[in-house]
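Below is one structure, written out as structure tokens; the observations come after it.
The values are calculated or read from the model by the stated rules, or taken from the named source; none is laboratory data. Nothing here was measured: the structure is a model prediction, and the numbers come from that model. Don't worry about glycine lacking a Cβ; one is built from the backbone with ideal geometry, like all the others, and counts go over all protein chains shown.
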């Protein structure tokens with residue numbers, strides 16, 4: 001089950017630098033790609049930045065629709081994340097090939113990929129010069145969701161199940177996962 | 001001991017989404033700040049993107065010098081990373097307060113903070129409109145270094161010593177660290 005994440009906490013979903021999935025839809029066409037190159041850009045209203053290569057099918061769908069969803073996948077999905085990063089939506093229906101189930105977004109047409117830990121529904125902030133020059137896309141987060149037990153009250157929770165950890169792509173289909181809470185402010189008031 | 005990282009591998013140093021330190025120098029003034037909001041932007045020549053708030057002392061030094069160094073700190077440095085993120089170089093000499101030792105960069109005046117796992121010497125790519133609007137700074141990586149035993153031949157190595165893992169900021173001075181290699185392509189040829 002997933003729950004709404006307050007928009008003021010949305011940046012926290014990407015703050016740890018996870019590798020994400022970017023899903024998009026325009027008309028009857030949809031696609032999903034993997035993106036290690038992403039980061040938060042602002043707190044409130046939340047904005048994010050992500051690199052979307054010119055060669056991707058996803059990019060055309062984002063340019064046409066002005067929308068996409070960023071999903072934070074987990075270790076259990078690692079092979080799928082590598083897989084969707086190694087084929088093109090021009091050639092295959094990745095949803096069919098990888099057996100992806102989806103749920104509709106609340107604010108955008110792009111789908112939420114099931115099995116992930118969190119989702120950010122995003123509306124492109126048009127910056128055509130940057131998009132052309134650097135493949136750099138900026139977006140405002142218009143809705144955010146997280147799986148119960150993964151993220152609560154603005155914080156990721158350390159999962160007891162290692163297969164529910166976030167992925168951090170090393171390159172070449174290899175990942176580290178994140179875990180092991182280190183609290184440098186245990187004796188002071190957290191800034192939340 | 002550190003070694004040179006080939007520029008074609010520099011993006012891998014940030015590919016896993018670590019929280020980094022940004023150090024800068026202009027004339028006799030220097031500063032260092034923490035930045036969870038960073039990402040690679042291109043492979044070769046390597047480019048990176050990082051968010052530098054208008055309120056930081058670091059920002060003025062980067063605008064004046066056109067240069068900075070991104071360093072990838074480790075778990076052993078977590079309290080220092082939180083610390084440099086909670087005070088301003090306008091008020092204190094962070095190098096003195098946190099006992100930071102530095103080494104000179106090879107291509108830029110900004111210092112390399114000792115004890116980190118990797119360093120990227122960066123030259124700002126001027127995009128004044130984006131810098132003003134989004135606090136978004138782009139840079140070309142002109143030299144890169146990694147600690148022996150931390151990163152080799154384009155790949156992070158899983159450290160046996162947990163205090164040498166990368167940090168991923170959750171917010172509020174809390175971090176996850178990255179570890180636990182997951183190889184989704186163990187049975188196929190890696191892409192490098």
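Considering only helices (runs of 4 or more DSSP H) fully contained in region A:68-157, which possess at least 3 residues that are touching a residue at least 24 places away in the same chain (Cβ under 8 Å)?
Values: elements: A:78-84, A:94-97, A:128-134.
The helices (runs of 4 or more DSSP H) meeting that bar are A:78-84.
Among the residues of region B:45-59, write down those that are crowded, with 17+ Cβ neighbours inside 10 Å and either away from every other protein chain (no Cβ under 14 Å) or in a loop (DSSP other than H, G, I, E, B) (or both).
B:46, B:52, B:56, B:57, B:58, B:59
Can you tell me which of (1) in contact with a helix residue (DSSP H, G or I) (Cβ under 6 Å, 6 or more places away or on another chain); (2) assigned to a helix (DSSP H, G or I); (3) away from every other protein chain (no Cβ under 11 Å) is the one residue A:31 doesn't meet?
(2) is the only condition that residue A:31 fails.
Being loosely packed, with under 14 Cβ neighbours inside 10 Å, more than 29 Å from residue B:34 (Cβ to Cβ), at pLDDT 95 or above and touching a strand residue (DSSP E or B) at 6+ places or on another chain (Cβ under 8 Å), is that true of even one residue in region A:173-189?
Within region A:173-189 (the criterion being loosely packed, with under 14 Cβ neighbours inside 10 Å, more than 29 Å from residue B:34 (Cβ to Cβ), at pLDDT 95 or above and touching a strand residue (DSSP E or B) at 6+ places or on another chain (Cβ under 8 Å)), the answer is no, since none of the residues qualifies.
Taking residue A:185 as meeting all but one of (1) within 27 Å of residue A:114 (Cβ to Cβ); (2) at the interface with another protein chain (Cβ under 7 Å from one of its Cβ atoms); (3) touching a helix residue (DSSP H, G or I) at 6+ places or on another chain (Cβ under 8 Å), write down the number of the exception.
Just one mismatch for residue A:185, condition (1).
Do we find that residue A:153 is out of contact with any helix residue (DSSP H, G or I) (no Cβ under 7 Å at 6 or more places or on another chain) and away from chain B (no Cβ under 14 Å) in this structure? Working first, answer last.
On the way: out of contact with any helix residue (DSSP H, G or I) (no Cβ under 7 Å at 6 or more places or on another chain): yes; away from chain B (no Cβ under 14 Å): no.
No, not satisfied.
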